[in-house]
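Engineer: Below you will find the structure I want to go over with you.
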Amino acid sequence: MSANETAKDIDRTAADWVARLDRGALSPQEDGALETWLAGDPRRVGAFARAQAISMSSERAQALGTRFDAAKFAPPPAVSRRQVMWGGGLVAGLAAAGIGAFALNHGQIFETRRGEMKVIPLSDGSVISLNTASKVKVSFSSAQRLVHLIDGEALFDVAKDSARPFIVKAADATVRAIGTSFTVQKLAAAPLLVMVREGVVELSDRQSGTLRLTANTLARAEARTLTTAPLPADKVERALAWREGRIAFEGQTLSEAISTFARYSDTRIVIDDPAVAREEITGLFQSTDPVGFAQAVALSFGLTAEVSENQVRLSRKS
């Protein structure tokens, strides 16, 4: 820590680091230098988080329609899981969660409203990122770190602690990890989904046994069966676009896309023509802008978008 370093000095350095991240992934040497800088002064963590928030808010979500080239899709520059814990991800969630760093109570419940995303620091250094309309209960003890995903979707960036496994319970399934990064999605009338971003986790279901999941794997628990499929790293990052307030589609039907948007907004998109609802969409869209999405779809497919209060109706032009 430098006693002569002013808050303005720290803010300028934080902005420089975020600018480097915006230009692309850091080298191993730069990654280490950033972590050393963040650890050198508590003020730097907050400055880094603020700089990330400013950078993120300045980006415009894109509505790319059917001509979107998935190969050209570039998610935000990768930040290491350690940077998430000690940098922006940690502090950015403090105000939203209404707590101080490492000040969680046992058995505390955290939740998000429709269209809201929240980052929650845990007492062990792990971080939970809650997607829209989600709810978790955190219960840590000396023997284990337990989180119940009551509803919705969450990304878990887990700090290593071999003495205390990190366990996520959702419905009848249990996900066990020590130090890794993974998501769990529990939605009504849908299979439970577990996506592993880094490391290894064990997925157990009381009726289907246990599976060992490695990085870039998507698992599905449904109808007493557990199935897995590989998921390329770029698709893993696209699936996490919600952290930046976006939704990425790659070949989903309009009906499926509309169901996804319904998780983020009270404004409903209605399609009366089943053939139109089966059309496929690819692109990157702002999650809380269903009207903008519907208008982009109308333009791409030659439809009419009729906007009224809390509803957008898509129909073929007469």
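The values are calculated or read from the model by the stated rules, or taken from the named source; none is laboratory data. None of the values given here were measured: they were computed from a predicted structure. Because the Cβ atoms are built from the backbone with ideal geometry, glycine has one as well, and the counts that use them run over all protein chains shown.
Engineer: If we scan the stretch 157-170, do we find a residue that is closer than 17 Å to ILE120 by Cα, of a type outside the set (A, V, I, L, M, F, W, C) and crowded, with 18+ Cβ neighbours inside 10 Å?
Structural biologist: yes
Engineer: Going by the structure shown, is SER123 outside the structural domain of PHE261 (by TED's automatic domain parsing), over 29 Å from ALA233 (Cβ atoms) and in contact with a His (Cβ under 8 Å, 6 or more places away or on another chain)?
Structural biologist: Details: outside the structural domain of PHE261 (by TED's automatic domain parsing): yes; over 29 Å from ALA233 (Cβ atoms): yes; in contact with a His (Cβ under 8 Å, 6 or more places away or on another chain): no.
The answer is no for SER123.
Engineer: Given (1) of a type in the set (Ser, Thr, Tyr); (2) assigned to a helix (DSSP H, G or I); (3) more than 21 Å from GLY115 (Cα to Cα), where does SER318 come up short, assuming only one miss?
Structural biologist: The number of the failed condition is (2).
Engineer: A further question on this structure: Answer with yes or no whether ARG238 is closer than 30 Å to GLU198 by Cβ, surrounded by fewer than 17 Cβ atoms within 10 Å (Cβ to Cβ) and basic (Lys, Arg).
Structural biologist: Details: closer than 30 Å to GLU198 by Cβ: yes; surrounded by fewer than 17 Cβ atoms within 10 Å (Cβ to Cβ): no; basic (Lys, Arg): yes.
So ARG238 does not fit the description; no.
Engineer: Identify the residue in the stretch 128-160 that is modelled with pLDDT of 95 or more and among the hydroxyl-bearing types (Ser, Thr, Tyr) and, among all such residues, is farthest from the chain's Cα centre (by Cα).
Structural biologist: Only one residue tops the list, namely SER134.
Engineer: Now a separate question. Would it be correct to say that LEU211 is surrounded by 13 or more Cβ atoms within 10 Å (Cβ to Cβ) and either at pLDDT below 95 or small (Gly, Ala, Ser) (or both)?
Structural biologist: Numbers: surrounded by 13 or more Cβ atoms within 10 Å (Cβ to Cβ): yes; either at pLDDT below 95 or small (Gly, Ala, Ser) (or both): yes.
Yes.
Engineer: Which of the residues that make up the stretch 161-187 are basic (Lys, Arg), in a strand (DSSP E or B) and more than 16 Å from the chain's Cα centre (by Cα)? Walk me through how you get there before you give the answer.
Structural biologist: The first filter runs over the stretch 161-187 and keeps only residues basic (Lys, Arg), leaving 164, 169, 176, 186.
From what's left, in a strand (DSSP E or B): 169, 176, 186.
Within the stretch 161-187, LYS169, ARG176 qualify.
Engineer: Find the strands (runs of 3 or more DSSP E) located wholly in the stretch 193-263 whose residues include 1 or more that are of a type in the set (Gly, Ala, Ser), out of contact with any Ser or Thr (no Cβ under 6 Å at 6 or more places or on another chain) and outside the structural domain of ALA133 (by TED's automatic domain parsing), and list them. Can you show your working first?
Structural biologist: Values: elements: 200-205, 209-214, 217-222, 225-230, 246-253.
The qualifying strands (runs of 3 or more DSSP E) are 246-253.
Engineer: Follow-up. Going by the structure shown, is LYS137 under 26 Å from ALA262 (Cβ atoms) and either in a strand (DSSP E or B) or out of contact with any Asp or Glu (no Cβ under 9 Å at 6 or more places or on another chain) (or both)? So that I can check it myself, show each step before the final result.
Structural biologist: On the way: under 26 Å from ALA262 (Cβ atoms): yes; either in a strand (DSSP E or B) or out of contact with any Asp or Glu (no Cβ under 9 Å at 6 or more places or on another chain) (or both): yes.
Yes; evaluated as a whole, the condition is true for this residue.
Engineer: Can you find even one residue in the stretch 144-154 that is outside any strand (DSSP E or B) and surrounded by 17 or more Cβ atoms within 10 Å (Cβ to Cβ)?
Structural biologist: Here is the first cut: in the stretch 144-154, the residues outside any strand (DSSP E or B) are 144.
Then keep just the ones that are surrounded by 17 or more Cβ atoms within 10 Å (Cβ to Cβ); that gives none.
There is no residue in the stretch 144-154 that is outside any strand (DSSP E or B) and surrounded by 17 or more Cβ atoms within 10 Å (Cβ to Cβ).
Engineer: While we're on this one: Counting only residues that are at pLDDT 95 or above and under 15 Å from ALA305 (Cα atoms), which one in the stretch 240-272 is nearest to the chain's Cα centre (by Cα)?
Structural biologist: Checked the stretch 240-272; the qualifying residue nearest to the chain's Cα centre (by Cα) is ILE258.
Engineer: Oh, and also: Can you work out which of the residues in the stretch 292-318 that are under 14 Å from GLU279 (Cα atoms) and surrounded by 17 or more Cβ atoms within 10 Å (Cβ to Cβ) is farthest from the chain's Cα centre (by Cα)?
Structural biologist: Going through the stretch 292-318, the residues under 14 Å from GLU279 (Cα atoms) turn out to be 294, 296-303, 314-316.
Subsequent filtering for residues that are surrounded by 17 or more Cβ atoms within 10 Å (Cβ to Cβ) retains 294, 296-298, 300, 303, 314.
Values: ALA294: 23, ALA296: 24, VAL297: 24, ALA298: 28, SER300: 27, LEU303: 31, LEU314: 29 Å.
Once the filter is applied, the top-ranked residue is LEU303.
Engineer: Counting only residues that are buried (at least 17 other Cβ atoms within 10 Å of the Cβ), part of a loop (DSSP other than H, G, I, E, B) and at pLDDT below 65, how many does the stretch 19-69 have?
Structural biologist: 4
Engineer: Among the numbered criteria (1) within 25 Å of ARG113 (Cα to Cα); (2) without any contact (Cβ under 8 Å) to a residue 40 or more places away in the chain, which one does ALA305 miss?
Structural biologist: Against the list (1) within 25 Å of ARG113 (Cα to Cα); (2) without any contact (Cβ under 8 Å) to a residue 40 or more places away in the chain, ALA305 comes up short only on (1).
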